[in-house]
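The values are calculated or read from the model by the stated rules, or taken from the named source; none is laboratory data. The structure displayed is predicted, hence computed values, not measured ones. Every residue, glycine among them, receives a Cβ derived from its backbone with ideal geometry; neighbour counts consider all protein chains shown. For accessibility, only protein heavy atoms count, side chains too; no ligands or nucleic acids. Shrake-Rupley method; radii C 1.70, N 1.55, O 1.52, S 1.80 Å.
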Amino acid sequence: MYNRTDISVAVALLAAACSVLVIALWLKPAAIGYGTHTQLGLPPCNFLRITHLPCPSCGLTTCFAYAVRFQFFKAFLANPFGILAFFATVSVIPTTIYLLSRRISFRRITESAHFIRAVYVGTACYFTSWVFKLTLMHFSGH
């Protein structure tokens, strides 16, 4: 059954996706492939500072800042998983508009077996991306 909660969730997701993309456009991507988040007033990554290793999300903000400018190779180097996250964020916009116009609940998507598999695959991609970033930073000397 479609109700006000479904509408609220859809509107919140639409607003969040649009906000993330606008913020990414506003940010200047850090040339070293990470650290763009500090432009938002956030501190540098403590994980990187303490361990001298990138955290699993290292370069994600930089990736979005490059991807929103269609610089996909630089975005991939900043964080390969970020490319998937970027396109997922972009796809939320037309998907949400479609679901709102057809009065379809997001639960129809999130409760499907395909969605659950996508979460598992996404999690594996996230950690694989971290290994890539560890390797890239090791060989580039950052």
How do the helices (runs of 4 or more DSSP H) wholly within segment 16-118 filter down when requiring 2 or more residues that are of a type outside the set (A, V, I, L, M, F, W, C) and open to solvent by 60 Å² or more (accessible area, probe 1.4 Å): which remain? 46-51, 80-102, 107-110
Please indicate, with yes or no, whether at least one residue in segment 120-137 is hydroxyl-bearing (S, T, Y) and crowded, with 20+ Cβ neighbours inside 10 Å. yes
Extreme residue, surrounded by the most Cβ atoms within 10 Å (Cβ to Cβ), among residues of segment 1-15 that are touching a Ser or Thr at 6+ places or on another chain (Cβ under 9 Å) and hydroxyl-bearing (S, T, Y): Y2
Hey, G141 open to solvent by 40 Å² or more (accessible area, probe 1.4 Å) and either at pLDDT 95 or above or within 17 Å of G35 (Cβ to Cβ) (or both) or not: yes
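Matching residues to (1) among the β-branched types (V, I, T); (2) within 15 Å of the chain's Cα centre (by Cα); (3) under 30 Å from S140 (Cα atoms):
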position: V9; (1), (2), (3): yes, no, no
position: A12; (1), (2), (3): no, no, no
position: P29; (1), (2), (3): no, yes, yes
position: F64; (1), (2), (3): no, yes, yes
position: G82; (1), (2), (3): no, yes, yes
position: T96; (1), (2), (3): yes, no, no
position: V119; (1), (2), (3): yes, yes, no
